[in-house]
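Structure first, commentary second.
Read the figures in this text as sums done on the coordinates, not as results from a lab. From a predicted model like this one, the values you see are computed outputs, not experimental measurements. Here the Cβ positions follow ideal geometry from the backbone for every residue, glycine too, while neighbour counts run over all protein chains shown.
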Amino acid sequence: MTARLVGKVCLITGAGSGIGHATARLFAAEEAEVAVADIDATAAGETVGMIESAGGHAVAASVDVTDPGSTEALAA
């Protein structure tokens, strides 16, 4: 299988659980560098741990997407 996301950086919000979690893991499996963002920092960290234990690369960020200041800080 060809890794479709080599050299790409993907920011996934809500990646601590559910669809966001599954998406982050899938993108990492496709060799993307993944930024795992979630309001729950612990859940984001757990997603990063799963990605890294599978050989992928990810970082966690705590963000509240309903707060403009929080999203601006994430982008910075």
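What the table below lists for this structure:
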read-out	value
Label selected from (i) -0.49, -0.77; (ii) -0.33, -0.56; (iii) -0.42, -0.68, the criterion being log10 I(q)/I(0) by the Debye sum over Cα atoms at q = 0.13, 0.17 Å⁻¹ as computed here	(ii)
Net charge of neighbours whose Cβ lies under 11 Å from the Cβ of GLY56, counting Lys and Arg as +1 and Asp and Glu as -1	-3
Net +/- balance of residues flanking GLU46 in space, Cβ distance below 14 Å, scoring K and R +1, D and E -1	-2
When the stretch 16-57 is reduced to its Cα atoms, the Kirkwood hydrodynamic radius in Å	9.8 Å
The chain - percent relative contact order, Cα under 8 Å, separation 6 or more	27 percent
Where trypsin sites (Lys or Arg not before Pro) fall in DSSP loop in the stretch 1-48, at most 16 other Cβ within 10 Å	ARG4, LYS8
For GLY14, residues with placed amide H under 5 Å, excluding near neighbours	ALA37, ASP38, ILE39
Full-extension gain in nm, LEU26 to GLU72, via 0.36 nm per residue minus C-alpha separation	14.0 nm
